[in-house]
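Asks: Got a structure for you, questions after.
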Amino acid sequence: MGKQTIIPFGPQHPVLPEPLHLDLVLEDERIVDAIPSIGYVHRGLELLVSKKEYAEYVYVAERICGICSFMHGLGYCQAVEEIMEIQVPERALFLRTIWAELSRIHSHLMWFGLAADAFGLENLFMLSWRLRESVLDIIEETSGGRVIFGACKIGGVRRDISPETLRDMCQKLEKLKGHMDRLTGVFLNDRSVGYRLKGIGVLTREDAQRLGAVGPLLRASGVDMDMRRLGYAAYERLSFEPVTENDGDCYARCAVRARELYQSIDLIAQAVSMMPDGEVDTKVLGAPKGECFMRLEQPRGEVLYYVRADGTRYIERFRVRTPTFTNIPSMIHCLKGCDFSDVPNVILTIDPCISCIER
Amino acid sequence: MKKFAMERMSLNNLFRKPSTRLYPDAPKKYFPNTRGRLVFNLSDCTFCTLCQKKCPTHAITVRREQQEWELERMRCIACGNCCDLCRKGCLTMKNELTKAVILPEREYYRREKPQSSGEDAVK
Amino acid sequence: MAMEKRIEIFILTVDELVSRTRSLHDEGYRLVQICCSKVDESGKAVLELDYTFDKHYNLYNIRISIEEGAEIPSISEIFGSAFVYENEIHDLYGVSIQGISIDYRGNFYKTAMPHPFTQD
Amino acid sequence: MKIILGVILYIVAAPLVGGILAGIDRVLSAKLQSRVGPPLLQPFYDVLKLFEKRTMIVNRFQNAYAWCHVIFMAMTGAFFFEGGDILLAVFALTLAGIFLILGAYSSNSPYSYLGAERELVLMLAYEPMVILTMVGMYMVAQSFSFMEIAASQRPIILYLPGVFLGFLYILPMKLRKSPFDISSSHHAHQELVRGLTSDFSGSMLALIEIAHWYETTLLLGLVYLFFSFNPVVGVCAAFGTYFLGILVDNSYARLKWELAFTSAWGIALVLGGGNLAILYFIAGG
């Protein structure tokens with residue numbers, strides 16, 4: 001047994017440009033323990049909800065995190081709609097689905113870039129972020145914002161997408177598939193990449209369930225759970241199967257995300273083909289009263305919103321349980337026994353989003 | 001899967017135009033929908049304070065008595081909520097981003113009384 | 001599958017918490033989250049803890065009400081993932097939770113002041 | 001007198017060459033990654049800027065070690081290019097490396113500590129191949145003197161193809177490039193932040209960067225030796241090797257130290273040792 005060293009990983013670390021702090025206990029180069037601490041950029045957004053009118057808070061909720069911004073807005077809207085029993089127009093539901101899937105594609109592509117950077121392949125990083133740029137362009141064209149959509153509102157969506165733009169978008173995404181083949185091909189077949197990913201940070205099916213993992217992390221361990229099955233927005237009418245892999249290592253998590261990229265494009269194509277005409281929002285009157293749990297599938301996994309309203313224009317309590325937060329136990333579990341050089345890979349394969357944790 | 005995919009991709013890039021640009025020297029392409037920045041048009045404003053009330057980040061301050069309208073640019077999150085709500089249509093989103101600044105600046109507009117054609121915007 | 005309808009919450013006392021949680025675990029439920037909210041009940045601050053469980057995409061909620069600074073038992077021995085939530089609640093609300101499997105003793109959330117969420 | 005002038009010329013010119021090489025590296029890397037990238041002289045701007053920064057010293061030995069590193073690195077090149085003994089040059093190079101490791105050890109930061117340990121492992125990994133290269137050159141040119149090797153009309157590469165390939169394999173370790181940028185990489189996107197040089201700052205970091213330029217020049221000089229029968233071919237080969245290094249840097253993930261170590265020894269044994277054995281038997285037989 002070697003000498004134990006404690007290495008501070010974060011809150012400022014170049015591999016993980018987000019303020020998560022980990023104290024890594026090392027024996028030579030092997031991790032024996034990891035102690036996380038968070039709260040470095042806590043913004044008190046959950047408290048802010050009682051200071052803002054419920055309809056305006058959507059824009060604040062979207063800013064919980066830059067990458068899953070649409071999901072946060074959507075979750076908040078759905079929770080309030082559920083409490084107020086608002087019937088959202090059909091077309092708005094489909095538009096929400098399309099934007100949600102676009103945001104998943106852009107999040108996954110960004111993740112691929114960061115993962116490539118973690119094992120020291122900048123070129124691959126540049127490739128995936130280049131592909132992401134084309135998705136961001138689609139998002140900007142349709143919603144007006146590059147990462148903060150600002151498209152969701154209580155009772156529907158704020159703007160419609162014209163049929164030509166939708167058709168255009170489908171063609172662009174179809175073209176993107178070809179480029180994505182190159183990206184995922186390198187991730188899944190390259191020898192040196194495989195050396196850094198295969199058999200690293202294994203999370204077995206039992207451990208994943210015991211430690212409450214969600215999202216691609218859980219699906220990579222062979223558990224078929226996807227909150228889109230709840231059928232929110234238009235998912236009820238789209239056909240898809242959750243992507244699962246069985247190995248539970250970093251490579252399997254890459255594979256899950258790679259296949260989800262194609263799945264998302266497919267879902268968008270389905271949604272576009274089934275999209276009905278009509279209004280995109282309804283008038284919202286009154287104020288919410290009641291409480292509600294709302295779950296969605298973010299790019300990083302299951303997210304849960306809890307909204308409690310007391311009949312005034314202000315929400316009483318808003319809580320977000322983000323996927324990253326609930327994946328922390330699994331991350332710590334995976335880190336133990338890893339090499340120090342695998343730390344960035346393992347941390348990144350849970351796709352940590354610290355701004356999500358720090359509401 | 002072909003062998004040496006990365007190498008080939010890199011060599012291909014060598015003979016292509018770079019995908020990046022030297023922003024802001026080479027300008028970005030904006031879309032008609034882009035929510036770039038908030039633009040205020042003083043002439044139609046009735047100082048109804050609706051935009052102030054509905055701003056999620058308290059970036060707008062309106063003083064009806066003094067006929068003043070003020071925007072804290074660094075607080076504005078360009079959500080466009082005020083543009084949707086403004087009855088006179090004097091708030092719009094320009095599809096162009098703000099330039100980088102060093103210090104937070106307030107944008108200050110004031111209508112001179114009595115109402116004349118001389119509307120001046122003071123920074 | 002249908003949308004989640006209006007939620008059902010089972011209100012329990014602190015004593016019942018562990019036994020109910022254990023039976024849920026044995027039925028195959030998964031811990032989704034633990035949420036704490038501070039509510040005013042006739043002028044007295046009360047903390048409400050919601051334990052959310054899930055099985056086959058259906059939620060099951062338990063709620064316990066405690067006073068500020070009260071002690072409650074941990075469920076992290078039953079659900080391995082509970083320790084992050086319990087540490088969070090301890091750090092933000094000052095609830096002392098007994099027997100957390102991995103207890104960071106208030107060092108999980110780096111806060112400028114102790115228990116920020118109980119302040120007004 | 002001529003030698004002293006030559007040494008001074010080398011000490012001034014080598015960093016310029018190395019800096020421009022670093023600039024070429026950055027321009028090419030950007031091109032390979034489809035970026036616009038920095039101007040050619042960017043490394044010089046960076047180093048000049050580093051000299052203007054405040055130098056934080058965590059340990060008083062740290063500076064001394066860093067200075068020794070730079071001086072020995074410059075001396076190595078001087079030995080080498082002024083026709084000295086290449087064996088001496090290689091040992092001085094190792095010594096320069098050791099000083100950097102000592103500097104990193106002395107700072108007590110866990111990042112530079114781990115970086116130093118990994119650098120030691122890397123050194124163990126590449127040193128056999130470097131020695132084999134020297135031995136091979138001696139066997140072909142019958143001399144350890146740089147002048148005589150360079151003047152030899154025999155195309156060394158034809159006698160030592162295996163040794164050359166082995167040398168190419170360890171080159172990324174010396175140039176701190178992917179897949180072997182284990183102890184310290186050019187950009188700090190690594191779990192060790194910047195490994196070895198994490199705790200150097202300001203002018204000391206600038207000096208280490210300059211030492212690295214010396215090292216690059218020296219290593220490409222070694223590559224040139226393989227092709228010294230024709231200077232044009234030699235220079236082209238050196239640049240070709242450098243380009244290959246950049247290409248590999250952009251095409252491979254970073255490996256771990258275990259694999260770096262075992263593969264480097266394996267290659268040294270099979271390619272280097274095999275090549276020398278064949279050469280020995282042919283020459284002997």
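The values are calculated or read from the model by the stated rules, or taken from the named source; none is laboratory data. Small disclaimer: the values here were computed from a predicted structure and weren't measured. Counting neighbours? That spans all protein chains shown, and the Cβs are built from the backbone with ideal geometry, glycine included. Note: accessible area is taken over every heavy atom of the protein model, side chains too, but ligands, DNA and RNA are not part of it. Shrake-Rupley method; radii C 1.70, N 1.55, O 1.52, S 1.80 Å.
Asks: Just round it to a whole percent: the fraction of Cα-Cα distances in segment D:152-285 exceeding 19 Å. Please list the in-between numbers first.
Replies: Values: 5188 of 8911 pairs.
Cα-Cα pairs in segment D:152-285 separated by more than 19 Å: 58 percent.
Asks: Also: Taking each residue of B:74-80 in turn, how many C-beta atoms of other protein chains fall within 10 Å of its C-beta, and what is the average? Mind dumping the intermediate values first?
Replies: Working: counts 0, 0, 0, 7, 5, 11, 6.
Average per residue, whole number: 4.
Asks: Among A:243, C:116, D:267, flag the residue with its Cα farthest along the positive direction of the charge dipole of the protein assembly as shown, charges on Cβ as +1 for Lys/Arg and -1 for Asp/Glu.
Replies: D:267
Asks: Sort A:93-100, B:51-58 for me by packing, meaning the mean count of neighbouring Cβ atoms within 10 Å per residue, highest on top.
Replies: A:93-100, B:51-58
Asks: Expressed as an acute angle from 0 to 90° and rounded to the nearest 10, what is the orientation of the C-alpha long axis of helix D:86-106 relative to the principal long axis of chain D?
Replies: Result, in degrees: 20.
Asks: By residue number, which cysteines of chain A lack any other Cys whose Cβ falls under 4.7 Å from their Cβ?
Replies: A:68, A:77, A:152, A:170, A:250, A:254, A:292, A:334, A:338
Asks: Take the Cα coordinates of segment A:288-359, assign each an equal point scatterer, and use the Debye formula without solvent to give log10 I(q)/I(0) at q = 0.13 Å⁻¹.
Replies: The calculated log intensity ratios at q = 0.13 Å⁻¹ are -0.49.
Asks: How much of the accessible area of the protein assembly as shown, probe 1.4 Å, is carbon plus sulfur, in whole percent? Kindly include the intermediate steps, with their values, before the conclusion.
Replies: Details: 21160 of 36080 Å².
Ligands and nucleic acids excluded, carbon and sulfur reach 59 percent.
Asks: Further, regarding this structure: In 10 Å bins starting at 0, how do the alpha-carbon pair distances of segment C:7-109 split up by percent?
Replies: So the P(r) values, bin by bin, are 15, 51, 29, 5.
Asks: For the protein assembly as shown, what is the Kirkwood hydrodynamic radius in Å, using each pair of distinct C-alpha atoms?
Replies: Values: mean 1/r = 0.0328 Å⁻¹.
In the protein assembly as shown this quantity evaluates to 30.5 Å.
Asks: What distance in nm separates the two pseudo spin-label positions at residue D:278 and residue B:64, each 7 Å out from Cα along the beta-carbon direction?
Replies: Each label point is offset 7 Å from its Cα along the Cβ direction, giving 9.4 nm.
Asks: Okay, moving on. About the Cα centre of segment C:7-109, what is the dipole size in debye to 20, counting +1 per Lys and Arg Cβ and -1 per Asp and Glu Cβ, all else neutral? Walk me through the numbers on the way to the answer.
Replies: Values: 8 positive and 18 negative charges, 42 e Å.
In debye, rounded to 20, segment C:7-109 gives about 200.
Asks: Would you mind getting the accessible area per residue of chain A, heavy atoms of the protein chains only, 1.4 Å probe, in Å²? Please list the in-between numbers first.
Replies: Values: 10640 Å² over 359 residues.
About 30 Å² of surface per residue is accessible.
Asks: Could you give the size of the charge dipole of segment D:31-161 about its Cα centre, using +1 on the Cβ of each K and R and -1 on the Cβ of each D and E, expressed in debye and rounded to the nearest 20?
Replies: On the way: 8 positive and 8 negative charges, 107 e Å.
With only Lys, Arg, Asp and Glu charged at Cβ, the dipole is about 520 debye.
Asks: Using just the Cα positions, wrap chain D in a convex hull and report its mean projected area in square nanometres, one decimal place.
Replies: Numbers: hull surface 59.3 nm².
Taking the Cα atoms of chain D, their convex hull projects to 14.8 nm² on average.
Asks: Quick one: helix A:163-189 against the long Cα principal axis of chain A, what's the angle to the nearest 10°, folded into 0 to 90?
Replies: Tilt relative to chain A: about 10 degrees.
Asks: Can you give the three extents of the C-alpha atoms in segment D:127-193 along their principal axes, from longest to shortest, in whole Å?
Replies: Sorted largest first, the three principal extents are 46, 21, 18 Å.
Asks: If you take the accessible area of B alone plus A alone and subtract the pair, what total do you get in square angstrom, rounded to 100, with a 1.4 Å probe?
Replies: Numbers: alone 9610 and 14670 Å², together 22030 Å².
It comes to approximately 2200 Å² buried between B and A.
Asks: So what is the calculated 222 nm ellipticity per residue for the protein assembly as shown, using -39500 (n - 2.57) for each DSSP H run with n of 4 or more, over all residues, to the nearest 500 deg cm²/dmol? Provide the component values of the computation, followed by the final result.
Replies: Numbers: 30 runs with 422 residues, N = 887.
The per-residue figure over the protein assembly as shown is -15500 deg cm²/dmol.
Asks: Moving on. Taking a quarter of the surface of the Cα convex hull of segment A:88-223, what do you get in nm²? Present the calculation step by step, with values, prior to reporting the outcome.
Replies: Details: hull surface 40.1 nm².
About 10.0 nm², averaged over all directions.
Asks: What is the average number of partner chain Cβ atoms found within 10 Å of a Cβ in A:208-214?
Replies: Counting other chains' Cβ atoms within 10 Å and averaging over A:208-214 gives 4.
Asks: Suppose all protein chains stay in the model; what accessible area per residue would a 1.4 Å probe give for chain C, in Å²?
Replies: Working: 5640 Å² over 120 residues.
Accessible area per residue, chain C: 47 Å².
Asks: Consider just the alpha-carbon atoms of segment D:1-54 and return their Rg together with their Dmax, both in angstrom.
Replies: 14.8, 49
Asks: Please compare each pair in A:153/B:17; A:3/D:256; B:3/B:28; A:172/D:31; A:3/C:110 to a cut-off of 30 Å on the Cα-Cα distance and tell me which ones are over it. The partial results should precede the final answer.
Replies: Details: A:153/B:17 41 Å; A:3/D:256 21 Å; B:3/B:28 36 Å; A:172/D:31 25 Å; A:3/C:110 28 Å.
Exceeds cut-off: A:153/B:17; B:3/B:28.
Asks: Now, a different point. For Cα pairs less than 8 Å apart in space and 6+ apart in sequence, what is the mean separation divided by the residue count of segment B:57-97, i.e. the relative contact order in percent? Show your work: numbers first, answer last.
Replies: Working: 30 pairs, mean separation 11.5, N = 41.
Over segment B:57-97, the number comes to 28 percent.
Asks: Next question, about the same structure. Which order do peptides A:175-186, A:78-89, A:300-311 fall in by mean Cβ count within 10 Å, highest first? List each step's numbers first, then the result.
Replies: Numbers: A:175-186: 16.7, A:78-89: 20.0, A:300-311: 22.9.
Peptide ranking by packing, descending: A:300-311, A:78-89, A:175-186.
Asks: Which angle between 0 and 90 degrees, to the nearest 10, do you get for helix B:5-14 versus the longest principal axis of chain B when only C-alpha atoms count?
Replies: 60
Asks: When the accessible area of each residue in segment D:232-253 is compared between its chain alone and the complete protein assembly (1.4 Å probe; ligands, DNA and RNA ignored), which residues differ by at least 40 Å², being lower in the assembly?
Replies: D:247, D:250, D:251, D:252, D:253
Asks: Follow-up. For a protection proxy built on the mean count of beta-carbon atoms within 10 angstrom, sort A:123-131, A:257-265, D:11-19 highest first, please. Write out the running numbers ahead of the final one.
Replies: On the way: A:123-131: 23.1, A:257-265: 21.2, D:11-19: 17.7.
Sorting A:123-131, A:257-265, D:11-19 by mean packing, highest first, produces A:123-131, A:257-265, D:11-19.
Asks: For segment C:7-109, what is the relative contact order in percent, using Cα pairs closer than 8 Å and at least 6 residues apart in sequence? All intermediate terms of the calculation are to be shown ahead of the outcome.
Replies: Details: 175 pairs, mean separation 26.2, N = 103.
That works out to 25 percent.
Asks: When you look at the Cβ of every residue in D:28-41, what mean number of other chain Cβ atoms sits within 10 Å?
Replies: Working: counts 2, 4, 4, 7, 11, 14, 14, 8, 8, 2, 0, 0, 0, 0.
For peptide D:28-41, the averaged partner shielding equals 5.
Asks: Classify chain A: rounded, prolate or oblate, from the alpha-carbon gyration tensor (a ≥ b ≥ c, eigenvalue square roots; a/c under 1.5 rounded; otherwise prolate if a/b is larger than b/c)?
Replies: Numbers: a/c = 2.06, a/b = 1.38, b/c = 1.49.
Since a/c reaches 1.5 but b/c is at least a/b, the shape of chain A is classed as oblate.
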